[in-house]
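Take a look at the structure set out below.
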Amino acid sequence: MNIFRLFADLLHLGSIFILIARLNQTKSCSGISLKTQGLYLLVFITRYLDLFFSFVSVYNTLMKIFFLASAGYIVYLMTGPLKPTYEKALDAFRVEFIVGGAIIFALLFPHKYTVLEVLWSFSIYLEAVAILPQLFQMTRTGEADNITSHYVFALGGYRALYIVNWIYRCYTEDDYSDYVAWVSGVVQTVLYADFFYIYFTRVMKGKAFKLPV
């Protein structure tokens, strides 16, 4: 593992801790898309089925368990104790289209034609667009609290660092290629472009996150 992937993983962990802390401290899930969180849970379930069939390292196993458990916990909070604060009317993105698209891409362009690899490819394609319901909800309200914006920034930053990790591996490893992850990762990072711009021009300067009118 290189330093870029390590920092990317830490940023991913940080984004989850930020969100869980925000939900528990405010006792509210307003401004958070349940659809995005549900999609991430689906991503981790379909990606980490290999927990039952293979072992890479203790680090790898612990990370997989954490992502599965934390995603399940977040969905539990939003559908259980915090359900009265969930803004269903604002969380209106049609997720069936992106789930359907991810299924089609996974069947047409999988990493390999095995059940686990098709499911892994599906999880990669789905993760690339899983943030869309959250971004869509933020465009409907035109704003977000700073903690939520930090959470979204950490998610986008983690994926951007993975691109650096892939570039590094291309130069340091022989015969390294992973076109499914590469294309999906670039698409995912591009989706954050407008958010990154507003984050750096407003939130980083101590202002509230607000979209241009």
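Quick notes on this one:
- Computed from Cα positions, the angle between helix 58-79 and the longest principal axis of the chain comes to roughly 30 degrees.
- Hits among lysines - C-alpha to C-alpha of Lys207 under 26 Å, sequence gap 8 or more where chains match: Lys27
- Highest to lowest packing among 4-14, 193-203, scored as the average C-beta count within 10 Å: 4-14, 193-203
- Cα-based helix-to-principal-axis angle, 3-26 vs the chain, degrees rounded to 10: 30 degrees
- Among 52-59, 152-159, the order from most to least packed when residues are scored by Cβ within 10 Å on average: 152-159, 52-59
- Remark: the chain carries a charge dipole of roughly 740 debye about the Cα centre, counting +1 on each Lys and Arg Cβ and -1 on each Asp and Glu Cβ.
- Percent carbon-and-sulfur accessible area, the chain, ignoring ligands, DNA and RNA, probe 1.4 Å: 69 percent
The values are calculated or read from the model by the stated rules, or taken from the named source; none is laboratory data. What you see is a predicted model; the values in this text were computed from it and never measured. Virtual Cβ from ideal backbone geometry, glycine too; neighbours counted across all protein chains shown. Areas reflect the complete protein model, heavy atoms only, side chains present, ligands, DNA and RNA absent. Shrake-Rupley method; radii C 1.70, N 1.55, O 1.52, S 1.80 Å.
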